[in-house]
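Written below as structure tokens is the structure these notes are about.
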Amino acid sequence: MSNETNRRDFIGYSFAAVAAVGGAASLVGMKQAWDPLPSVLAGGFTTVDLSTIKAGEPETFVWRGKPIFVLKKT
């Protein structure tokens, strides 16, 4: 009787281990899918010098080929 119990325990532990590895692998894959691509991170930032802009006057800058409108307030 104890031989059957040990075999059943081994099968249960084996199933739990395979399920844990599969769950961890799926979480790693989901995290990689959610992270932005390196090309997006590289082109995602721009620097604008606000010291040359006068207060109350709108200024237009280009970022990724699209205009950005900046209005400096006092």
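Values in this text are rule-based calculations from the coordinates and carry no lab data. Worth saying up front: this structure is predicted, and the values here are computed from it rather than measured. Cβ: placed from backbone, ideal geometry, glycine included. Neighbour counts: every protein chain shown.
If you add up the charges near residue 58, with Lys and Arg at +1 and Asp and Glu at -1, over every other residue whose beta carbon is less than 13 angstrom from its beta carbon, what do you get? Can you show the working numbers first?
Numbers: positive: 54, 72, 73; negative: 57, 59.
Charge balance in the 13 Å sphere: +1.
Counting other beta carbons within 10 Å of each Cβ, put 10, 45 in order, fewest first. Kindly include the intermediate steps, with their values, before the conclusion.
Values: 10 10, 45 7.
In increasing order of surrounding Cβ atoms, one gets 45, 10.
What area, in nm² and to one decimal, does the C-alpha convex hull of the chain cast on average over all directions?
9.0
What nm distance separates the two modelled labels at residue 70 and residue 50, each placed 7 Å from Cα along Cα→Cβ?
0.8
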